[in-house]
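Data first, discussion second: the structure below is written as structure tokens.
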Amino acid sequence: MKRKLIVILSVISLLAKADEGMWMPQLIAALNINDMKKNGFKLTAEQIYSINKASMKDAVAIFGGGCTAEVISEKGLILTNHHCGFSSIANLSSVQHDYLKDGYWAMNAKEELYCKDLTVTFIKRIEDVTSKILGNVKPTFSEIQRDSAIQSNLKSLEKKTKEEYKYDTFIRGFFYGNEYYLFVTETFRDIRLVGTPPESIGKFGGETDNWVWPRHNADFSMFRIYANKENKPAEYSEENVPYKPVYSFPISLKGYEKGDFTMVYGFPGRTQEYLTSYAVNFVQNVQDPVRVELREKRLAILDADMGKNDTIRLMYANKYAGVANYAKKWKGEMIGLQKSDAVQKKEQFEQDFLKMVSADASKKEKYTNLLSEFKKTYEEYAPLSKQYDYFTECLMGIDALRFAGSFQVVFNELRNKRDGKDNKFDAKFRELKPVLPFKNFNKETDRKLCYAMLDMYVKNVDKSLRPAYLDSLVDAYKGNIQALTDFLYNNSSFVDNKKAQQMFADFEKSGQLYERDPMYVLATSILRHYQKTVIPQVNYYELQIAEMQKEYMKGLRENVKDKKFYPDANGTLRVTFGKVADYKPRDGVEYEHFTTIDGLVDKNKSGLEDFYVKPRLLELFEKKDFGSYVDKNGKLRIAFTGSNHTTGGNSGSPVLNAKGELIGTNFDRNWEGTMSDIMYNGSFCRNIALDVRFTLWVVDKYAGAGYLLNEMKLIKK
Ligand code: ARG
Ligand code: GLU
């Protein structure tokens, strides 16, 4: 009896740590509301999510490709991170109008700047469609049959619901495909930049501080949603008017104390909390190390060139930030998993799990077999995955090669057209044309990248696994990778604006000539090699693993009683709740749960480039011109940490207090806690949020755009 209890306790403690969980908003009433109330939440589940009444969910949106934003005024004003607005801000910038460097604030509606290709999506409702997707999938189906049945059900249901609801819809699998949910959405396409602080504030601390606590950057930017006269989504037009939202968040100037309830409402991208020990070992020892090494090499090269001049810096700013961000995250994750003995903990859990099901012999056998299948599959998959990462992170890290490769389909269609066959040449060619003249590409920088990447590739990927054509080139140049690289860059039209423009000018007539371009030939030979040999195998293993995970997940949910399961993040709307919390990063060290402008000024004194700020900020600091944005000790706070379980995609998410008032904007996690995507630990995994009082201070005092505060609902002290 006692033993059994210990087993159950250890299982539960691994699966259900306080504050862990990314909950589906429509299930909060059934699953979480009591827990939330116990922790201090003052509102009802219906105020979080309702399809009949205005609720918080109507003010939380997918921003751009993968961030979250929240509505903070009745006139469609939205708040997100600086790094989420980054690519839009960079697109609007030039060397003359450098909004990254100088910041930008519209002083009236006319000055708000339209951001091409930026969208903002709201969720209208969420429905369980599991039976519609899995209803006709028979247990006797093979993996392939099952997959194709599900895909076809997904497609037809999406189409049907789009017509029925007159809204866009998408369906996602949850719990590794054990359940499916439908999301009815509304996407706005006329989004305008209202304001952004300069990078020296928005990204203060640069890559040095990224993923690190204590933090002192004001990672925010503001946009406005525009709609047509009927308040519906429309393409950009001068006639459009500010969107009138269903709901917008009140903003609290009252601050918070350690231990206060907080919740984060947003769109977390991807977590993998239910992996086996074999998978964790794979991530920690196979996947992360290779990816980190390759990215660090690329970054060193970009870094050197970007330091040389502003044109190159602007060209590569966005790419650099993206590559650096995950390189650092994976590194933190790798170290965190190692330090917390994640693999051993999972092994222990698996043994406990088998004991839990041992009363039923057939179950025990089933899961014992499943776990050894996992082991075998990951062992086989590891070398293949490494080879695949060398394709995506190394070869495809060369811009010219990737660009040339994207012509494969155009040449194929051109050939079809020449032969008088059905073809999509015109459409495909049009898709490629806007890239000219090459923006964000510097031939000499790319040449260096190419050399470094090919060099690493040839050194680390076994000859027998390399594309034959690449190998023959290496042989022809007697292993001199620099000479090979120079041959490519001195002769290709895919690396040179002038030559490329010529090529585009009469592509239809003489395009086929360029099929002999050396960069193109290399790119296609690489793509063909991977398309034929590596990718199908990768897909095969991924499908196997997905099937096994689905079985395992089902087993966990059926057999681990007393545990509330939440589905892994999958880019859909989630609520996570916890509290304002500090942490101990290591023995003998304690971190406070908030930072202030004093710390920013201290960091600035280091003189390091990442900690540069404009004199204006220092002047305001000297004058102590903090207005009513200070805490009760007169300190101007910048950021704070909490135990909310978040991940990539939660950037820009509203951080709310017990009354659902906005107290911050989520923007990062702590270095020690980046492993939380795989194994959350409430004692040291922290989300990092920007204090909304600092946001308002920047808008009001620094930028002089205080007029914007008039449209917000401020809860004063
Ligand atoms: N680490 C944060 C996230 O995952 C912020 C990234 C942007 N900031 C930066 N310094 N690169 O997106
Ligand atoms: N910065 C992340 C994002 O862009 C949030 C940090 C995290 O991964 O938790 O979503």
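The values are calculated or read from the model by the stated rules, or taken from the named source; none is laboratory data. Since the model is a prediction, treat every value here as computed from it, not as a measurement. So basically every Cβ, Gly included, is an ideal-geometry build from the backbone, and we count neighbours across all protein chains shown. With ligands, DNA and RNA removed, areas are computed over all heavy atoms of the protein, side chains included. Shrake-Rupley method; radii C 1.70, N 1.55, O 1.52, S 1.80 Å.
Below is a table of values for the structure above.
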read-out	value
Residue satisfying all of: in segment 600-643; more than 16 Å from ligand 1 (Cβ to nearest atom) and of a type in the set (A, V, I, L, M); nearest to Ser200 (Cα to Cα) among these	Leu617
Close pairs from segment 548-564: first under 11 Å from Lys366 (Cβ atoms), partner of a type in the set (Ser, Thr, Tyr) and not in a loop (DSSP other than H, G, I, E, B), Cβ under 8 Å, at least 6 apart	Tyr552/Tyr367; Gly555/Tyr367
Candidate set: segment 623-659, residues that are buried (at least 24 other Cβ atoms within 10 Å of the Cβ) and of a type in the set (A, V, I, L, M, F, W, C); chosen: the one farthest from the chain's Cα centre (by Cα)	Ile638
Every residue from segment 69-80 that is in contact with a helix residue (DSSP H, G or I) (Cβ under 8 Å, 6 or more places away or on another chain) and within 12 Å of ligand 2 (Cβ to nearest atom)	Ala69
Number of the condition not met by Leu620 [criteria: (1) within 15 Å of ligand 2 (Cβ to nearest atom); (2) open to solvent by less than 20 Å² (accessible area, probe 1.4 Å)]	(1)
Tally of residues being touching a Phe, Trp or Tyr at 6+ places or on another chain (Cβ under 9 Å), part of a helix (DSSP H, G or I) and not β-branched (Val, Ile, Thr) across segment 529-572	19
Qualifying positions in segment 308-333 - touching a Leu at 6+ places or on another chain (Cβ under 8 Å) and open to solvent by 50 Å² or more (accessible area, probe 1.4 Å)	Lys319
Close pairs (7 angstrom Cβ cut-off, 6 or more residues apart or separate chains): among the aromatic types (Phe, Trp, Tyr) in segment 668-681, more than 11 Å from ligand 1 (Cβ to nearest atom) and in a loop (DSSP other than H, G, I, E, B) anywhere	Tyr680/Lys17; Tyr680/Glu20; Tyr680/Glu273; Tyr680/His645
Filter result for Thr646 (touching a strand residue (DSSP E or B) at 6+ places or on another chain (Cβ under 9 Å), in a loop (DSSP other than H, G, I, E, B) and within 16 Å of ligand 1 (Cβ to nearest atom))	yes
Complete set of residues in segment 586-611 that are assigned to a strand (DSSP E or B), crowded, with 16+ Cβ neighbours inside 10 Å and not polar (S, T, N, Q)	Tyr591, Phe594
Cross-chain or 6+ apart pairs with Cβ under 9 Å, segment 137-165 first and outside any helix (DSSP H, G or I), then open to solvent by 80 Å² or more (accessible area, probe 1.4 Å)	Val137/Gln145; Lys138/Gln145
Qualifying positions in segment 255-306 - among the polar types (S, T, N, Q) and more than 16 Å from ligand 2 (Cβ to nearest atom)	Thr276, Ser277, Asn281, Gln284, Asn285, Gln287
Qualifying residue in segment 73-80 (condition: within 25 Å of Met315 (Cα to Cα) and in contact (Cβ under 8 Å) with a residue 60 or more places away in the chain)	yes
Unmet requirement for Phe441, which otherwise passes all of (1) assigned to a helix (DSSP H, G or I); (2) closer than 24 Å to Leu454 by Cβ	(1)
Filter result (within 21 Å of Lys614 (Cα to Cα) and assigned to a loop (DSSP other than H, G, I, E, B)) within segment 678-704	Ala703, Gly704
Of residues in segment 175-201 being within 16 Å of ligand 1 (Cβ to nearest atom) and hydroxyl-bearing (Ser, Thr, Tyr), the one least open to solvent (accessible area, probe 1.4 Å)	Thr196
Scope segment 84-121; condition open to solvent by 40 Å² or more (accessible area, probe 1.4 Å) and touching a Phe, Trp or Tyr at 6+ places or on another chain (Cβ under 7 Å); matching residues	Leu92, Tyr114, Thr119
Residue within segment 212-222 that is more than 16 Å from ligand 1 (Cβ to nearest atom) and not polar (S, T, N, Q) present	yes
Residue among Tyr274, Tyr265 that alone is assigned to a strand (DSSP E or B), closer than 21 Å to Thr646 by Cα, in contact with a Leu (Cβ under 7 Å, 6 or more places away or on another chain) and more than 16 Å from ligand 1 (Cβ to nearest atom)	Tyr265
Looking only at segment 52-67, and only at residues there that are of a type outside the set (Lys, Arg) and either in a loop (DSSP other than H, G, I, E, B) or in contact with a Cys (Cβ under 8 Å, 6 or more places away or on another chain) (or both), the one that is most open to solvent (accessible area, probe 1.4 Å)	Asn52
Out of Glu46, Glu74, sole residue that is more than 16 Å from ligand 1 (Cβ to nearest atom), open to solvent by 10 Å² or more (accessible area, probe 1.4 Å) and part of a loop (DSSP other than H, G, I, E, B)	Glu74
Matching entry among Val692, Val699 (being touching a strand residue (DSSP E or B) at 6+ places or on another chain (Cβ under 8 Å) and either under 21 Å from Phe261 (Cβ atoms) or within 15 Å of ligand 1 (Cβ to nearest atom) (or both))	Val692
Sole exception among (1) under 30 Å from Phe684 (Cβ atoms); (2) crowded, with 19+ Cβ neighbours inside 10 Å; (3) not basic (Lys, Arg) for Val212, by number	(2)
Enumeration of residues in segment 649-667 that are part of a strand (DSSP E or B) and over 19 Å from Tyr629 (Cα atoms)	Phe667
Count of segment 663-678 residues which are away from ligand 1 (no atom under 13 Å from the Cβ) and surrounded by fewer than 24 Cβ atoms within 10 Å (Cβ to Cβ)	1
Options Gly571, Gly578: the member that is within 29 Å of Phe122 (Cα to Cα) and either open to solvent by 10 Å² or more (accessible area, probe 1.4 Å) or basic (Lys, Arg) (or both)	Gly571
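Okay, residues lined up against (1) open to solvent by less than 40 Å² (accessible area, probe 1.4 Å); (2) in contact with a Ser or Thr (Cβ under 8 Å, 6 or more places away or on another chain):
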| site | (1), (2) |
| --- | --- |
| Ile123 | yes, yes |
| Lys132 | no, no |
| Asp147 | no, no |
| Leu154 | yes, no |
| Thr161 | yes, yes |
| Gly173 | yes, no |
| Lys203 | no, no |
| Gly206 | yes, no |
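Yes/no matrix, rows are residues, columns are (1) more than 30 Å from Ile89 (Cα to Cα); (2) in contact with a helix residue (DSSP H, G or I) (Cβ under 6 Å, 6 or more places away or on another chain); (3) in contact (Cβ under 8 Å) with a residue 60 or more places away in the chain; (4) not in a helix (DSSP H, G or I):
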{"site": "Lys319", "(1), (2), (3), (4)": "no, no, yes, no"}
{"site": "Gly322", "(1), (2), (3), (4)": "no, no, no, no"}
{"site": "Gln351", "(1), (2), (3), (4)": "yes, no, no, no"}
{"site": "Thr377", "(1), (2), (3), (4)": "yes, yes, yes, no"}
{"site": "Tyr381", "(1), (2), (3), (4)": "yes, yes, yes, no"}
{"site": "Phe391", "(1), (2), (3), (4)": "yes, yes, yes, no"}
